[in-house]
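Reading through the structure tokens given below for one structure.
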Protein chains: 2
Amino acid sequence: MVPHLITALNGPLLELESKVLEATPAIERWFRLEWQEHTPPFYCSVDLRNAGFKLAPVDTNLFPGGFNNLSPEMMPLAVQASMASIEKICPDAKNLLLIPERHTRNVFYLQNVARLASILRQTGLNVRLGSLSEEITKPTPIDLPDGQRLVLEPLARIGNKGRRLGLKDFDPCTILLNNDLSGGIPKILENLHEQYLLPPLHAGWAVRRKSNHFDAYDDVAKKFSKVIDIDPWMINPFFTKCTGVNFHERIGEECLQESVDTILKKIARKYKEYGIKEKPYVIVKADAGTYGMGIMTVKDASEVKDLNRKERNKMSVIKEGLEVADVLVQEGVYTFEKINEAVAEPVVYMMDRYVVGGFYRVHTGRGVDENLNAPGMHFVPLAFEHNSIPDVAAKPGIAVPNRFYLYGVVARLALLAASLELERTDPEAE
Amino acid sequence: MVPHLITALNGPLLELESKVLEATPAIERWFRLEWQEHTPPFYCSVDLRNAGFKLAPVDTNLFPGGFNNLSPEMMPLAVQASMASIEKICPDAKNLLLIPERHTRNVFYLQNVARLASILRQTGLNVRLGSLSEEITKPTPIDLPDGQRLVLEPLARIGNKGRRLGLKDFDPCTILLNNDLSGGIPKILENLHEQYLLPPLHAGWAVRRKSNHFDAYDDVAKKFSKVIDIDPWMINPFFTKCTGVNFHERIGEECLQESVDTILKKIARKYKEYGIKEKPYVIVKADAGTYGMGIMTVKDASEVKDLNRKERNKMSVIKEGLEVADVLVQEGVYTFEKINEAVAEPVVYMMDRYVVGGFYRVHTGRGVDENLNAPGMHFVPLAFEHNSIPDVAAKPGIAVPNRFYLYGVVARLALLAASLELERTDPEAE
């Protein structure tokens, strides 16, 4: 199933699709060469927005949940990608420790954990789950509705002087975090020098900043755009940031207003250049953070001045109670894809450097200019698996596999940006 | 769709399935470690026979045709595997030269070539087709029924002193043979030291011997059987060979009779051990050769003595007119899988070390003890793509993905054997 685009695909994006299809061997080779220089994250999901005239990543998640939302048909791709990754990281690995989110009541999230464990088992790893929750003091089974059983076990420092992390009777070569560390870096994860911790600690929201990611994405988008000769704006949203913002105490409002105004003007110029009639808007969100909290759609700079108490509260608290300090002001990208009249945006999943699946995030209660990652959303698997080799002969904008290929290319640009971002922010880099 | 097994799966094979599923992480790790020691062929297809009480490879093809018979849904797996392979072989490769079979009137075969070219293009390679046919003296377009167009071009030695192989204006890093060299090694392919020729010349039927492959498979099967604690016979057919056989001149008949007799007795002992009521049989086939010619089903040693002229003719000529000289006598493995009452056998396709798809070879006119690779066969894609992560909780013998996983494991054992075989027979090895 392909969602219906409410604006007919025409103009700039059709040209992008044509150029990408035409240049497929060059693009894939370009990625191949880039991956010789940079190491992809173990896994990653990217939220895309397709405005018909523009296709861009708006969020890159280094601790993807939602593997349970991928269609089962895509699992062999995930297993194969995971094999390629493990072979490079820890080729003789026998054991892998998976650390899920701390709060584990959410059945959907637990199904994601089960799916991940099953992929990793097929990769040739004994997988066990180590919990960061203080409530888990002994092996604790959790039964899922589909009959599967997960066992959460307490983490332990093991080995000589507790140099390693594992379970009481389980010494892993690799530790895979599926916990984004929004609540800070737990002491038990620190100073692990003999094992592979994936992704690294500085990928967690305790340290990570979206602005670093989009800085890196700027570079990637610019370089890629030269390969296929396009305006990088076609795949890249403008952004800037304000530091030291405190919504409660109304500190930093001027910076916000100026930033919003600057970005809105830049978008307006581009819209004019391409004859786009839509109204420019920006998204204001925490520079550190996730879970769709603290996100605001703004169409005029004055809006960020006149926030009422409720809006200020919404913006100032993100997951696990962190205060917002740095704020990202990013070009809003309309999503004109709809499934049954509900607004939809594609989310692409990758492992190692491979696209392994995706789904549409659909929200019946939200508009084309709003964040869809919010309560009430649901998921529709992307039909990547159908005829998924692009059809070069098809008319631009018509063929399903061609649209998905385009999604896969743009998502992989964000993946590459994540790789650069992690290199540049590595505290242990020389 | 899963073919119906006319014998209910019970006894030994059920135990094999259980053991393989239970040991999945250990098996996949075992493969991972083996692939650190050995390089998989670029691609490979393996014919399996499933007797219900035994599952074994009977033919390992290093120049697989039939990629067009895989379901399109499997293509992303093939692209991903091919990417992994190219990255290791020639990471900055831009161009790949594909050399198809010489005789190119067969539309099905040409669709296979088109499919392969499309996979390789998605891998990030410019793909062109170089022909070994003397009839191709200039770029020659061939239109396929589905609207695709292939262009066959004459091969040329290029570069300084003609050290490289390519086309007049095309210098490839990698040359992929889809021509099994039954007719001998063409001079134009010799002495290529700067480029990667895949598979190597000694994989071609001008040099290759099935007995070398099954020697290597013996070793692999033995080693693997220890990992999961099974009788290697469950996955390995007995075989022996006779050299210097000339059917026309009735030379070597005694060796044949003795070999047939020996193998039949060995099978009978195993059948007795496992309480199998079927009648043992052997397959007599050329040690070098392909295309299903020169293959005979024998249930009694006397049968190879009393060949009439027609049978002798059939056995003595294989593809492109080579005389049979060495003969393989191999345990016949019944195939008790049926699709709509027609006998079927699974064929599993691999690229690099990954299973990328497969199909059932089905023959309405052949029996459960006959070679199915013969005129009149047709193909039904294997449904690897459906729920293809094994279901450990399912009852043995019931779940589709479990049967396919088992096929994938045994096929990969044959792949590993091919890798050992090519190492051991490499004329340039020290």
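Is there a residue in the range B:71-88 that is away from chain A (no Cβ under 14 Å), in a helix (DSSP H, G or I) and small (Gly, Ala, Ser)? No, the range B:71-88 contains no residue that is away from chain A (no Cβ under 14 Å), in a helix (DSSP H, G or I) and small (Gly, Ala, Ser). No other residue among B:Pro172, B:Pro145 is within 22 Å of A:Pro390 (Cβ to Cβ), of a type outside the set (D, E, K, R) and assigned to a loop (DSSP other than H, G, I, E, B) apart from B:Pro145. In the range A:269-281 there is no residue that is within 26 Å of A:Ser45 (Cα to Cα), surrounded by 14 or more Cβ atoms within 10 Å (Cβ to Cβ) and aliphatic (A, V, I, L, M). Of all residues in the range A:97-117, one or more are assigned to a strand (DSSP E or B), closer than 30 Å to A:Leu413 by Cβ and touching a residue at least 24 places away in the same chain (Cβ under 8 Å). Is it the case that B:Ile263 is of a type in the set (Val, Ile, Thr) and assigned to a loop (DSSP other than H, G, I, E, B)? It is false that B:Ile263 is of a type in the set (Val, Ile, Thr) and assigned to a loop (DSSP other than H, G, I, E, B). So for the range A:60-67 (the condition being crowded, with 21+ Cβ neighbours inside 10 Å and farther than 26 Å from A:Asn126 by Cβ), does at least one residue qualify? Yes: the range A:60-67 contains one or more residues that are crowded, with 21+ Cβ neighbours inside 10 Å and farther than 26 Å from A:Asn126 by Cβ.
Looking at the structure I just gave you, is B:Gly124 on the phi > 0 side of the Ramachandran plot, in the same structural domain as B:Pro199 (by TED's automatic domain parsing) and surrounded by fewer than 20 Cβ atoms within 10 Å (Cβ to Cβ)? Step through it out loud before you land on a result.
Details: on the phi > 0 side of the Ramachandran plot: yes; in the same structural domain as B:Pro199 (by TED's automatic domain parsing): yes; surrounded by fewer than 20 Cβ atoms within 10 Å (Cβ to Cβ): no.
So B:Gly124 fails the test.
If the condition is being outside any helix (DSSP H, G or I) and within 14 Å of chain B (Cβ to nearest Cβ), then the range A:118-132 contributes A:Thr123, A:Gly124, A:Leu125, A:Asn126, A:Val127, A:Arg128.
Scanning the range B:176-208 for residues that are closer than 24 Å to B:Lys285 by Cα and touching a Ser or Thr at 6+ places or on another chain (Cβ under 8 Å) returns B:Asp180, B:Ser182, B:His202, B:Gly204, B:Trp205, B:Ala206, B:Val207, B:Arg208. The set of residues in the range B:233-255 that are within 15 Å of B:Arg412 (Cα to Cα) and either free of Cβ contacts under 8 Å to residues at least 40 places away in the same chain or in a helix (DSSP H, G or I) (or both) contains only B:Ile235. A residue that is surrounded by fewer than 21 Cβ atoms within 10 Å (Cβ to Cβ) and within 11 Å of chain B (Cβ to nearest Cβ) cannot be found anywhere in the range A:9-19.
Looking at B:Ala374, B:Ala383, which one is at pLDDT below 85 and touching a Gly at 6+ places or on another chain (Cβ under 7 Å)?
On the way: B:Ala383 fails: touching a Gly at 6+ places or on another chain (Cβ under 7 Å).
Result of the check over B:Ala374, B:Ala383: B:Ala374.
Looking across the range B:20-55 at every residue that is within 12 Å of chain A (Cβ to nearest Cβ), of a type in the set (Phe, Trp, Tyr) and touching a Gly at 6+ places or on another chain (Cβ under 8 Å), the one that is surrounded by the fewest Cβ atoms within 10 Å (Cβ to Cβ) is identified as B:Trp30.
Within the range B:234-257, the only residue that satisfies the criterion of being over 28 Å from the mean Cα position of the chain (by Cα) and among the aliphatic types (A, V, I, L, M) is B:Ile251.
The values are calculated or read from the model by the stated rules, or taken from the named source; none is laboratory data. These figures come from a predicted structure and were not determined experimentally. Every residue, glycine among them, receives a Cβ derived from its backbone with ideal geometry; neighbour counts consider all protein chains shown.
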